[in-house]
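**Q** What follows is a single structure, and I will ask about it in a moment.
Each reported figure results from applying straightforward, stated rules to the coordinates on display, with no laboratory input. Note that the structure is predicted; figures quoted are calculated from it, not measured.
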Amino acid sequence: MTTDSAPTPEGESSIPDEVWEQFLSDNERDIRASAPKEPSARARIVARRLREQEERAAAEGGRRRRGRRSGVAAPAAADTSWRTGRTDEGDRRTLRRGRLRGVAAVVLLVVVLLVVLSPGHAWSLVTGNG
């Protein structure tokens, strides 16, 4: 077993110039864009759970005989309510808070403008001498 690789001289590189040019022209953004994306741990867990549900459904479907009904009910749809985030009541509460904050912001803005534009008049409104 012989290898025909001659040692490179001290000043020369064994890597072709084209490869070096590509290496120098690549930047981190290009490298990140071309790198494969790994799913998060949560995504892997959800994917595994869904795959197991599909396998169980396929296994149950394969055991059934044509023309006979089994006493086992069909599996219920997967509970995905944990993925939705908010309930209807929570949405209504959030909308009310948003409206209240908006009204408070407008009132605060009017008060600040009154104080900035006419501090003497604003002070007379506060003290009642007006």
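**Q** Which ³J(HN,Hα) values in Hz, rounded to whole numbers, follow from the phi angles of the range 29-34 under the Karplus curve 6.51 cos²θ - 1.76 cosθ + 1.60, where θ = phi - 60° and Gly and Pro get x?
**A** Here the 3J(HN,Hα) series is 5, 5, 5, 5, 5, 8 Hz.
**Q** Then there's this: Please work out the ratio of the alpha-carbon Rg of the range 10-50 to 2.2 N^0.38 Å and round it to two decimals.
**A** 2.07
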